[in-house]
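Student: Below is one structure. I have some questions about it.
The values are calculated or read from the model by the stated rules, or taken from the named source; none is laboratory data. This structure is a prediction, so every number in the text was calculated from the model and none was measured. A quick note on method: Cβ atoms are made from the backbone with ideal geometry, for glycine too, and the neighbour counts reach across all protein chains shown. Areas reflect the complete protein model, heavy atoms only, side chains present, ligands, DNA and RNA absent. Shrake-Rupley method; radii C 1.70, N 1.55, O 1.52, S 1.80 Å.
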Amino acid sequence: MSDTPLIPSDIALCLSYTDGMFLTAQNMTMEQTYFWNWITWQNRFLYTPGVLSGLAVTLQGNTLIVASGAAIDSIGEFLIFPDGSGNMMTPATGLGNTYGLYLAYPKNPVTTSQPNVVSTAAILQNGPASNDPSYGVILATVNLDPNNPGTIKGISDSRVGVTSKLPIVIPPAGADLASAAPNL
């Protein structure tokens, strides 16, 4: 069985522009989807899921604070987490005394105060401590105080960096680079 996921037949459909063409919202959405597909499939095939930059989790009082940063999830979605609101999480309930804090692509883009503008910035969510990729990219493992429900006892950094899935080919010094065949 192949590790290659089934690629949908409509994945590479894009517009063919002509002079005088009337562009509709549907046309523009198709074009955005084409580029989104291109980036996510490229990421999925080239990189392992994980953190690209930042996303350190700190505990302040009984609140988890996440620094801005970026990651790639198992689907290949680029998770950008800007500085500002939405970077704090209070203790989770219903997940036991140990759970994971994840960064995820929003299932539904968040509306903004600007007309016709949505935000696809990554969001924080809680899930099992097992590093389940369906929850996103794990950032930290949170331990609650069993003697004091709802109080965070401590956190462990669970971030894993993105790595390339491509083989690295470094020819010896002085080798003719034009004649070196890639080691695939």
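Student: Run the 1.4 Å probe and let me know the accessible area of I152, rounded to the nearest 10 Å².
Tutor: Estimated to the nearest 10 Å², I152 gives 10 Å².
Student: With everything on Cα atoms, drop me the angle between helix 25-46 and the longest principal axis of the chain, reported from 0 to 90° to the nearest 10.
Tutor: Computed tilt is about 80 degrees.
Student: Which residues' amide hydrogens lie under 5 Å from the amide hydrogen of L139, considering only partners 5 or more residues apart or on another chain, with H built in the peptide plane?
Tutor: So L139 has HN proximity to L101, Y102, L103.
Student: Okay, next question. List the residues whose amide H sits under 5 Å from the amide H of L79, counting only those 5 or more places along or on another chain, with H placed 1.01 Å from N in the peptide plane.
Tutor: A71, I72, D73
Student: As a test question: what accessible area, to the nearest 10 Å², does S113 have when a 1.4 Å probe is rolled over all protein chains in place?
Tutor: Number for this one is 120 Å².
Student: Now a separate question. Arranged from highest to lowest average of other beta-carbon atoms within 10 Å per residue, in what order do the peptides 33-44, 127-138 appear?
Tutor: 127-138, 33-44
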